[in-house]
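The values are calculated or read from the model by the stated rules, or taken from the named source; none is laboratory data. Not measured: the values here are computed from a predicted model. FYI the Cβ positions are ideal-geometry reconstructions off the backbone, even for glycines, and counts take in every protein chain you see. Note: areas computed on protein heavy atoms with side chains; ligands, DNA, RNA excluded. Shrake-Rupley method; radii C 1.70, N 1.55, O 1.52, S 1.80 Å.
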Amino acid sequence: MGTDHANENAAEKEQRVAEEMHMRHVVNVLLYIVSLIVLLTLFHTVIFPDEPVIALLAALIFAIHPLHTEVVANVKSRDEVLSVLFIALTILKAFAYKESGKLKDLVFGCLFFFCALLSKEYAVTLIVILPIAFYLFKNEPLPYGFKTFAPYLISLGLYILLRLNAVTGAGEGAENNVLNNPYLYAGGLQKLATEIFVLLNYLKLLLFPDVLTADYGYSQIPIVSFSNLLVWLSLAIHLLMVVLMFVYLRKQHVIGFAILFYLANLMLVSNLFINIGAPMGERLIYHSSVGFAVAAGYLLSKGFGMLNIARISKGGLAGFTIVLVAVSGFKTIERNRDWKNDTTLFLADVKKSPNSALVNNNAAAACMSLAKKDKQDVAARNEWLKKAVQYFDKALSLYPDYYLSRVNRGLCYYNLGMPDKALPDWDTVRKYAPAQENIKKYLGIAGKYFFAQGMKYKAASMADSSIYSFKKSTEAMPDSPEGYYELGRAYYAKGDYANAIIAFEKVLSLAPAYSDARTLYEQAKANARQ
């Protein structure tokens, strides 16, 4: 009855968690839809006021892009959605204030800017983007644009004060962990070359999002040098983009704004100036994809317009858009299946990011969860545990200091009935990462297991086996005098007085008042002298 009740409670808890995650996902979807409506309004009223077709096409490209699957499906990425939403609202209210002169538009603009900063610091790019938007779309001199931005500095100042008060700095040791500092093992020029190389990967994913994954961390993105031609290709493309940006900004052309929005946000996630803790990520390009959508919508519309024959150009654009929506929709639906839960995500992504230590660790954790669900079917449970060990092996081959993997690999070994293999993993963690969660608990469990085995072998007069088990027990629990005491007795019974003395000395160093150990210690010394 007790077990059934516990299983029922576990099932109810799992169901409740699933429902909560579903509701959070629904909220993310609704926020995404709201942000799309706001972006469409921004495109139509500010960027393409006289070209509603381009505004709609740009919004559609942004809406259907498979690269945004992570932002919508991952509750953790809600800040990205909110940030873009509030950035768009800030620009809309800034332009509304320019037209109306009403104080409420200015107040709401400053409020939305503050909310954008609270969501994500990327909103700081508006310091440059907003004045240039006035220059491009309202033909206002740049000094006027920067002057117009002055009231928004109040929101920025308030945010900075809150941030300084709340943030005390990076966690201790974070910069020395390759999972948080992906370029830890790269030289200066290698780091720069790899960062430039990653920029090309972002462009590739925006243009052709064929393989999507939740993690591009160590060591899925290889460290490259300037001998790699793709680095130079990336550098050439992005330098060309900078040149084109200034050329088109000077011409007050919308492409200049698109490139500015893309590059300004890209620089914040490029690691070129600030270590963001990951080489790249699909959610990280979300802001820049606004600029990409603006440029793509404009170029597609104008490209098909160059066909000269109105019916053909409109039909071609419509046909291309339908195909684009269909292909993107298929890819997005396919990717959404992976994001059903952590288990489906990491077991799918370990095939796409086989060299990511984090993904291999998480795939192993997913296998452990499935093993727990299949605990009534011993064969199926053991298969999942063996698969988990394989993924942990891969994670540790990529990153030997991944102590969480060692803890859990040891747990897999223990549950597979191989405590001898579990102990080295747990002992390594104890030596180099003693603060790791549950390590003392697991070592205690292993120590008691080996102690019990030693007592069984002792009762069966199997001296060598009992000595082996008691030694393992003392390795797991080096502060327990009982293990050393029984080890000493086993050696004593075998006539190995030298090792018995060493064991009893350890007992007395841990528990000086242990009278039985002292008696045997004196007897062992006396026997050793004979």
If you line up the long axis of helix 288-305 against the longest principal axis of the chain, both from Cα atoms, how many degrees apart are they, to the nearest 10?
40 degrees
Calculated FRET efficiency for the pair ASP393/PHE208, C-beta based, R₀ 22 Å, to 0.05
0.10
Magnitude of the Cβ-charge dipole of segment 344-437, K/R +1 and D/E -1, about the Cα centre, nearest 20 debye?
140 debye
With a ≥ b ≥ c the root eigenvalues of the C-alpha gyration tensor of segment 358-467, is it rounded (a/c under 1.5), prolate (a/b larger than b/c) or oblate?
oblate
With axes computed from alpha carbons, what is the tilt in degrees of helix 463-476 against the longest principal axis of the chain, rounded to the nearest 10 within 0 to 90?
40 degrees
Where trypsin sites (Lys or Arg not before Pro) fall in DSSP loop in segment 364-457, at most 16 other Cβ within 10 Å:
LYS375
For the full complex of protein chains and a 1.4 angstrom probe, list TRP384, TRP339, TRP232 by accessible area with the highest value first.
TRP232, TRP384, TRP339
In degrees, nearest ten, helix 103-119 long axis to first principal axis of the chain (Cα)
30 degrees
One finds, for GLU383 and GLU334 with R0 = 30 angstrom and r their Cβ-Cβ distance, a FRET efficiency to the nearest 0.05 of 0.65
Along Cα→Cβ, 7 Å out, is where each label goes; now give me the distance between the ones at VAL53 and LYS102 in nm to one decimal.
3.4 nm
Extended-chain gain in nm, criterion 0.36 nm per residue less alpha-carbon gap, ALA526 and ILE502
7.2 nm
Over segment 307-382, what number does the Rg to Rh ratio reach, with both radii from the alpha-carbon atoms and Rh per Kirkwood?
1.36
Report the FRET efficiency, 1/(1 + (r/R0)^6), for ASP342 and ALA513, where r is their Cβ-Cβ distance and R0 is 45 Å, rounded to 0.05.
0.30
On a full-extension model of 0.36 nm per residue, what is the gain between ALA326 and GLN190, subtracting their alpha-carbon distance, rounded to one decimal in nm?
44.9 nm
Between GLU140 and ALA452, what is the label-point separation in nm under the 7 Å Cα-to-beta-carbon projection?
7.6 nm
Rounded to the nearest 500, the 222 nm mean residue ellipticity computed for the chain from DSSP H runs (n ≥ 4, each -39500 (n - 2.57)) alone is -24500 deg cm²/dmol
Describe numerically, in nm with one decimal, the distance between label points set 7 Å from Cα along Cα→Cβ at ALA493 and at SER369.
4.7 nm
Kindly sort CYS412, CYS115 by accessible area of their heavy atoms, largest first, with the probe set to 1.4 Å.
CYS115, CYS412
If the only charges are +1 at each Lys and Arg Cβ and -1 at each Asp and Glu Cβ, what is the size of the charge dipole of the chain around the Cα centre, to the nearest 20 debye?
380 debye
Value of relative contact order over the chain, rounded to a whole percent, pairs C-alpha under 8 Å and six or more apart:
10 percent
Read-out semi-axes √(5λ) of the Cα gyration tensor in Å, derived from the coordinates shown; its label in (i) 40, 29, 22; (ii) 50, 30, 20; (iii) 62, 25, 22
(iii)
Cα-based Debye curve of segment 7-116 sampled at q = 0.10, 0.13, 0.18 Å⁻¹ gives log₁₀ I(q)/I(0) of -0.40, -0.60, -0.92
Extension length gain for GLN376 and SER227 (0.36 nm per residue less Cα distance), in nm, is 48.1 nm
Exposed-site-free run, longest, the chain (rule: GluC sites (Glu not before Pro); DSSP loop; at most 12 other C-beta within 10 Å):
173-436
Pairs LYS204/LYS386; LYS373/LYS441; LYS421/LYS471; LYS191/LYS352: which exceed 25 Å Cα-Cα?
LYS204/LYS386
Given charges at Cβ of Lys, Arg, Asp, Glu: the chain dipole, positive-most of PHE208, PRO141, VAL378:
PRO141
Rank CYS367, CYS110 by accessible area, highest first, at a 1.4 Å probe radius?
CYS110, CYS367
